[in-house]
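Data first, discussion second: the structure below is written as structure tokens.
Every number here is computed from the coordinates shown, using simple stated rules; none is lab data. Just so we're clear, the structure is a prediction, and the values are computed from it rather than from any experiment. With ideal geometry, Cβ positions are generated from the backbone for all residues, glycine too; neighbour counts draw on all protein chains shown.
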Amino acid sequence: MQQIARSVALAFDNLSRPHRVMLGSLTVLTLAVAVWRPYVYHPQATPVIKTIELEKNEIRSLLPEASEPLDQSPDAEDDTIPQDELDDKTAGETGVHEYVVSTGDTLSSILNQYGIDMGDISQLAAVDKDLRNLKIGQQISWTLNDAGELQRLTWEMSRRETRTYDRSGSTFRLSSEMQQGEWVNNVLKGTVGNSFVSSAKAAGLTSAEISSVIKAMQWQMDFRKLKKGDEFSVLMSREMLDGKREQSQLVGVRLRSSGKDYYAIRAQDGKFYDRSGSGLAKGFMRFPTAKQFRISSNFNPRRLNPVTGRVAPHKGVDFAMPQGTPVLAVGDGEVVMAKRSGAAGYFVAIRHGRTYTTRYMHLKKLLVKPGQKVKRGDRIALSGNTGRSTGPHLHYEVWINQQAVNPLTAKLPRTEGLTGTDRNQYLAQVREVTPQLSFN
């Protein structure tokens, strides 16, 4: 050890003076850091031990950012969006989603917004190449299995032909059905009594037909607020085969409420317009904030929870933003929920017509109340970090017909109208349909 010390001293003496000063300073600093201990005054000699008990949701909130799939929609019974008679008695088959093809739509763009796997979409197109040429006004509908995969897709190519694609292993099996019935127009009219649904059924409309009327008029009329004595007249085109009604299509509807008339008439594109050809839908904003923020977590209906390994769908999009950022309503609607719920923290749900619902979660402060009417761009809350959250952000969801869709790619309503030849053809149809919607 002495020999080592002499060797180090000799090497140190052979260094130039600046190097000796530098090395000495580093040595002193290293020793100071190694032996330093902070002095903490304790009034008692015995250590103080404090036990902290955490709730389950608090423990989860301490998990690292990889646990973000735990960020879920409110799922307790008292946190579901309120339903009413119009929802309960006019819905179609459970789990079926319907879509009318419009300008610019492709099979991929339609299904992808609902999180349907691109592999399934490719398999469909491989089974039937005609699916690559969807036409405006055609209707498609589909159901999913328990794993969130596409189980069946139905394509109404025309009034005559319907094609169905059923899952068979990793591909799909095609079947086609041709209808040879006769299409007959029927006018069904009545006066509102206790409710529109019961009155419409008494007038001869089926549940599916009532649902189509409500969807067509959803931007003009809140059917829950119709009064006794209000009148309605509906023009349905029904296919009759061997004396039985096979299917039907809404052509036009007229509602008179408090002395004012409201119309919705179908155009060739499958959408409904007023008598002048103006669109009925109210336009939506794509983002719920005045400026765009970084996306910290995307929409993913089949995302795996890294903690449990189970499927934990992320039904919306997360935007990382500073706490206190104003959150805006993306469209006109009615606030159906504004409260605090464990996982979602402070959240707001807005219903837009009868088809669309938007949800905003992990808020810091609520600026609206249930039952309040809001306009597109109105401030509804301030963003925050409440509930089960790994950091300040806004969780934003869009639901269409009670099914979550990707807010970034969803086909949202926009204010539009018919022009040119399309408008002229529509106005000619209006002149033909309107006289049939009389109340006499």
Fewest-first ordering of His393, His97 by Cβ atoms within 10 Å yields His97, His393
Could you compute the FRET efficiency for Val187 and Asp146, with r as their C-beta to C-beta distance and R0 at 35 Å, rounded to 0.05? 0.25
Over 29 Å between alpha carbons, listed pairs Lys228/Lys365; Lys271/Lys315; Lys271/Lys291: Lys228/Lys365; Lys271/Lys291
Length released on extending from Arg431 to Arg245, taking residue separation times 0.36 nm less the Cα-Cα span: 64.2 nm
Net charge within 15 Å of Ser248 by Cβ-Cβ distance, Lys/Arg positive one each and Asp/Glu negative one each, not counting Ser248 itself? +2
Would you mind calculating the relative contact order of region 101-178 from Cα pairs under 8 angstrom and at least 6 residues apart, reporting the percent as a whole number? 25 percent
Equivalent ellipsoid semi-axes for region 101-178, as square roots of 5 times the alpha carbon gyration tensor eigenvalues: give them largest first, rounded to whole Å. 19, 15, 11
Of Lys260/Lys364; Lys135/Lys227; Lys260/Lys375, which ones are farther than 32 Å apart at the Cα? Lys260/Lys364; Lys135/Lys227
Per 0.36 nm of contour for each residue apart, how much would the distance between Met118 and Thr171 grow if the chain were fully extended, relative to their Cα-Cα spacing? 17.8 nm
Label-point separation (nm) for Glu416 and Gln372, each offset 7 Å from Cα along Cα-to-Cβ? 3.2 nm
Counting only backbone N atoms under 17 Å from a point 7 Å out along Cα-to-Cβ of Lys225, the residues of region 270-293 in range are 282
